[in-house]
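**Q** Before I ask anything, here is the structure I am working with.
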Amino acid sequence: MFSCRVVFSLATFLLVSGCLVQAQTPRAARNSYERGTKKFQNGDFSGAIEDFTRAIELSSQLEVSKGASGNAPPSMNSFDGPSVETPGVMVIDPFTADALTSRGFARYRLGDVEGAMLDWDRAIRINPGLAAAYLDRGCARYATGNTPGALADWSRALQIDPKLADAYGNRGAIRRELGDSENSLADLNQALSLDPRNAKAYCHRGYLWLDKRDADQALADFNKAIELEPAMAWAYHGRGNARVMKYELDAAMADFDKALELNPHMAIAFMNRGLALLLQGKDVEAEKDLTEAVSINPAIKPELDARVKLAKQLRQARVATH
């Protein structure tokens, strides 16, 4: 009844260290990349973008035709369309693709999804075998509503690197959202087989168990997710849902409280906490939470109304049997 069908933000990963360095990669480019990586890790995404941009410029070679026509020779690696700042740019260093992937992630973290997509498109043009760029671009495609494109990117990333646990986790989460529970479970199991400390995969699988009405398995997965990543609001929210299924309402309330402490704008957590309050007969407190849920996300109201009706029916039935 109270399981969440919303998939939380997919983690976007990139190779911020261990970047592919070729013999021809200028030392200055590598230094800029390393500075950008440190800034990224410290949360200075704007500064990271500046350094990654410098690394891209330094690792790209300008080869402009000096013929009378002034036209640059074509290149299979040259950028197309608006991505070309200088005519005749020929990228021969795969390092550039890694730097573009990193800059795309920094742009994504700043909310520049369009700019991030352009960087990942360019990285893939330079190096079609760069799994990290497909993994990251899939997240951006999902964020912009292109679910088929996201699934295609994660599947491509897995063709390149079959041990990419995050791609399995992301694909499994979306397959669950699409109702493909069998393949979703297979993907999430594979993600955890490859990376037993993947908290997000445990969390996604917990929601899948909720869909299947298996509260005990859901609790086990949410507990593991919280153990691995104690600040994951969606794991607390999921565990609260599982506890509501078991009618452990006080424990569920504590989980919803924690989820909202970590993410005060989680409309569905307000809704489910309000429903738990209704089951406890605390109608005044419930109304505050339900109103807040609709205030944050007006689109939730039809679902909320249906669940409020069901919660009141369950409360009446429970009172009648006790």
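**Q** Give me the residue from region 234-246 that is in contact (Cβ under 8 Å) with a residue 60 or more places away in the chain and of a type in the set (A, V, I, L, M) and, out of that set, surrounded by the most Cβ atoms within 10 Å (Cβ to Cβ).
**A** Out of the qualifying residues, it is 244.
**Q** Please go through region 147-204 and give me each residue that is part of a loop (DSSP other than H, G, I, E, B) and not aliphatic (A, V, I, L, M), ordered by number.
**A** Passing the criteria: 161, 162, 163, 179, 180, 195, 196, 197, 198.
**Q** Based on what the data block shows, is residue 272 more than 21 Å from the chain's Cα centre (by Cα) and under 25 Å from residue 188 (Cβ atoms)?
**A** It is true that residue 272 is more than 21 Å from the chain's Cα centre (by Cα) and under 25 Å from residue 188 (Cβ atoms).
**Q** Being touching a helix residue (DSSP H, G or I) at 6+ places or on another chain (Cβ under 7 Å), over 21 Å from residue 314 (Cβ atoms), in contact (Cβ under 8 Å) with a residue 12 or more places away in the chain and not in a helix (DSSP H, G or I) narrows it down to one residue among 231, 259; which is it?
**A** Matching residue, one of 231, 259: 231.
**Q** Of all the residues that make up region 285-307, how many are of a type outside the set (Ser, Thr, Tyr) and closer than 20 Å to residue 255 by Cα?
**A** 11
**Q** If you don't mind, another one. So is residue 110 in contact (Cβ under 8 Å) with a residue 24 or more places away in the chain and within 15 Å of the chain's Cα centre (by Cα) or not?
**A** Judged against the criteria, residue 110 is a match.
**Q** Name the residue, out of 317, 252, 306, that is crowded, with 17+ Cβ neighbours inside 10 Å and either at pLDDT 95 or above or over 30 Å from residue 197 (Cβ atoms) (or both).
**A** 252
**Q** Take the residues in region 189-222 that are surrounded by 24 or more Cβ atoms within 10 Å (Cβ to Cβ) and charged (D, E, K, R); name whichever of them is nearest to the chain's Cα centre (by Cα).
**A** The qualifying residue nearest to the chain's Cα centre (by Cα) is 200.
**Q** Is it true that residue 119 is crowded, with 24+ Cβ neighbours inside 10 Å, within 19 Å of residue 58 (Cα to Cα) and modelled with pLDDT of 95 or more?
**A** Considered against the rule, which asks whether it is crowded, with 24+ Cβ neighbours inside 10 Å, within 19 Å of residue 58 (Cα to Cα) and modelled with pLDDT of 95 or more, residue 119 comes out as yes.
**Q** Of the residues in region 159-168, how many are buried (at least 20 other Cβ atoms within 10 Å of the Cβ) and either without any contact (Cβ under 8 Å) to a residue 40 or more places away in the chain or among the polar types (S, T, N, Q) (or both)?
**A** 4
**Q** Just to be sure I understand, how many residues within region 289-300 are surrounded by 14 or more Cβ atoms within 10 Å (Cβ to Cβ) and part of a helix (DSSP H, G or I)?
**A** Result for region 289-300: 7.
**Q** Could you tell me whether any residue of region 232-251 is among the polar types (S, T, N, Q) and within 23 Å of residue 204 (Cα to Cα)?
**A** Yes: region 232-251 contains one or more residues that are among the polar types (S, T, N, Q) and within 23 Å of residue 204 (Cα to Cα).
**Q** A further question follows. Determine, yes or no, whether residue 312 is free of Cβ contacts under 8 Å to residues at least 40 places away in the same chain and surrounded by 19 or more Cβ atoms within 10 Å (Cβ to Cβ).
**A** no
**Q** Would you tally the residues in region 262-288 being part of a helix (DSSP H, G or I) and either under 18 Å from residue 243 (Cα atoms) or not aliphatic (A, V, I, L, M) (or both)?
**A** Matching residues across region 262-288 total 17.
The values are calculated or read from the model by the stated rules, or taken from the named source; none is laboratory data. From a predicted model like this one, the values you see are computed outputs, not experimental measurements. Note that each Cβ is placed from the backbone with ideal geometry, even for glycine, and that neighbours are counted across all protein chains shown.
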